[in-house]
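Q: My questions will all concern the structure given below.
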Amino acid sequence: MAGSRTYRTRAVVLDKVKLKETDLILTLLSEKGRQIRAVAKGARKPGSRLAARCELFCTVDVLLAHGRTLDVVSQAELLAAPLGAGATYERMCAASAIAEVAKLCSYEDSEDPFTFAITERALSLAGDEACDDVHLDVLVAAFVFKLLSHEGYRPDLSSCVLCGDAALSYFSASAGGLLCASCASSVPGADEVDANQVRWLQSLLALRFDELVEAPVDGMTATFMLALAHVWAATHLDARLRCLEFMLGR
């Protein structure tokens, strides 16, 4: 209703920060793709139901009241907890990386339902036991490339970005995608890639998450895809991605 002080939305919990002695500041990604920062008062009190319903990476139905600077969580209902109660270290790392990138690609003054949909689906698969540790790297890499491509940072993977040559053997985030050996010699920091790695890069954008987590892949290739995704995101978002760094250094 126009002028209403409260509103309800479905959202994913991307982050939470302590406030004073008993409160939390939640960073939420609404179903419309808008980032919301809201105070959950008393969420850190012993036995608080609000804290249990607003855990990281969960999908919640929240009733929010408009505030001067931050909104206030009035009610919260847990809809989905993709990681469950006993998440493994690897799944927590993957979910943290997904939430970190989603937070950087969502805004308080802009709506984009795609961001919510892809983030919720990626978190759901991160908690699925069918997705093993190797495929978690593939999942996060695909999420990064897909979301940033949607944001306007799509790598050119069809031919050399500088001369158009079809013989591709290097990847450069600063150049914008794949390079031939000749052009790569003039691009600092270009990573050498073989034919299999080129196909995997193309697949990260072309295939659905469900197809990628079922595709056979070795651990070295999966980790290399994650490393390329990290460089791509860090370059184009101009930010330090600590959770991705942690994943790569684990």
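The values are calculated or read from the model by the stated rules, or taken from the named source; none is laboratory data. These numbers come from a predicted model, not from an experiment. For neighbour counting, all protein chains shown are included, and Cβ atoms are generated from backbone atoms with ideal geometry for every residue, glycine included. For the accessible areas, the whole protein counts, side chains as well, though only heavy atoms, and no ligand, DNA or RNA atoms are used. Shrake-Rupley method; radii C 1.70, N 1.55, O 1.52, S 1.80 Å.
Q: Just the number please: accessible area per residue for the chain, 1.4 Å probe, all protein chains included, in Å². List each step's numbers first, then the result.
A: Working: 12180 Å² over 250 residues.
Dividing the accessible area of the chain by its residue count gives 49 Å².
Q: Next up: In the chain, what percent of the accessible surface is made up of carbon and sulfur (1.4 Å probe, ligands and nucleic acids excluded)? Could the numbers behind the result be given before it?
A: Numbers: 6080 of 12180 Å².
With neighbouring chains kept in place, the figure for the chain is 50 percent.
Q: Same structure, new question: Taking all pairs of distinct Cα atoms, average 1/r, flip it, and tell me the Kirkwood hydrodynamic radius of the stretch 1-106 in Å to one decimal place.
A: Details: mean 1/r = 0.0710 Å⁻¹.
So the Kirkwood estimate lands at 14.1 Å.
Q: Starting at the first residue of the stretch 114-125, write each ³J(HN,Hα) from the Karplus equation 6.51 cos²θ - 1.76 cosθ + 1.60 with θ = phi - 60°, in whole Hz, x for Gly and Pro.
A: Running phi through 6.51 cos²θ - 1.76 cosθ + 1.60 with θ = phi - 60° gives 4, 4, 5, 4, 6, 5, 4, 5, 5, 5, 4, 6 Hz.
Q: Check residue 23: other-chain or 5+ apart residues with amide H under 5 Å from its amide H, H built from backbone geometry?
A: 42, 44
Q: While we're here: Determine the dipole magnitude for the stretch 140-212: charges of +1 sit on the beta-carbon of Lys and Arg, -1 on that of Asp and Glu, nothing else is charged, the reference point is the Cα centre, and the result goes in debye to the nearest 20.
A: In total the dipole reaches around 140 debye.
Q: Next question, about the same structure. Please go through the residue pairs 32/146; 41/146; 16/146 and name each one whose alpha carbons sit more than 27 Å apart in this structure. Walk me through the numbers on the way to the answer.
A: Numbers: 32/146 18 Å; 41/146 35 Å; 16/146 25 Å.
Beyond 27 Å: 41/146.
Q: How do 44-51, 137-144, 111-118 rank on mean C-beta neighbours within 10 Å, highest first? Don't skip to the end; give the middle numbers.
A: On the way: 44-51: 13.5, 137-144: 27.2, 111-118: 17.5.
Order by mean packing, descending: 137-144, 111-118, 44-51.
Q: So which trypsin sites (Lys or Arg not before Pro) in the stretch 59-116 pass both tests, a DSSP loop state and at most 11 other Cβ atoms within 10 Å of the Cβ? All intermediate terms of the calculation are to be shown ahead of the outcome.
A: Working: sites: 68, 91, 103; in loops: 68.
Here the trypsin sites (Lys or Arg not before Pro) that fit, given the DSSP loop and packing criteria, are 68.
Q: Kindly provide the GluC sites (Glu not before Pro) of the stretch 1-92 that DSSP labels as loop, not H, G, I, E or B, and whose Cβ sees at most 13 other Cβ atoms within 10 Å.
A: Working: sites: 21, 31, 55, 77, 90; in loops: 21, 31, 55.
In loop regions of the stretch 1-92 (DSSP not H, G, I, E or B), the sparsely surrounded GluC sites (Glu not before Pro) are 21.
Q: If amide hydrogens are placed 1.01 Å from N in the peptide plane, which non-local residues have theirs closer than 5 Å to the one on residue 34?
A: Under 5 Å from the amide H of residue 34: 112.
Q: Enter the Cα centre distance for the pair the stretch 26-75 and the stretch 177-236, rounded to the nearest angstrom.
A: First find each Cα centre; the distance between them is then 36 Å.
Q: I would also like to ask the following. Along the stretch 54-59, what does the Karplus equation 6.51 cos²θ - 1.76 cosθ + 1.60 (θ = phi - 60°) give for ³J(HN,Hα), rounded to whole Hz, x for Gly and Pro?
A: 10, 6, 4, 6, 7, 9
Q: Let me ask another. Of the GluC sites (Glu not before Pro) in the stretch 123-229, which ones lie in a loop per DSSP and count no more than 15 other C-beta atoms within 10 Å? Please list the in-between numbers first.
A: Working: sites: 129, 151, 192, 211, 214; in loops: 129, 214.
Sites meeting the loop and neighbour criteria: 129, 214.
Q: Can you list the HN-Hα couplings for the stretch 147-152, worked out from phi with the Karplus curve (6.51, -1.76, 1.60; θ = phi - 60°), rounded to whole Hz and with x for Gly and Pro?
A: Whole-Hz 3J(HN,Hα) from phi for the stretch 147-152: 5, 5, 5, 5, 6, x.
Q: If you don't mind, another one. For every helix of n ≥ 4 consecutive DSSP H residues, a contribution of -39,500 (n - 2.57) applies; sum these over the chain, divide by its total residues, and give [θ] at 222 nm rounded to the nearest 500 deg cm²/dmol. Before the final figure, lay out each step's value.
A: Values: 9 runs with 101 residues, N = 250.
The helix-only estimate for the chain comes to -12500 deg cm²/dmol at 222 nm.
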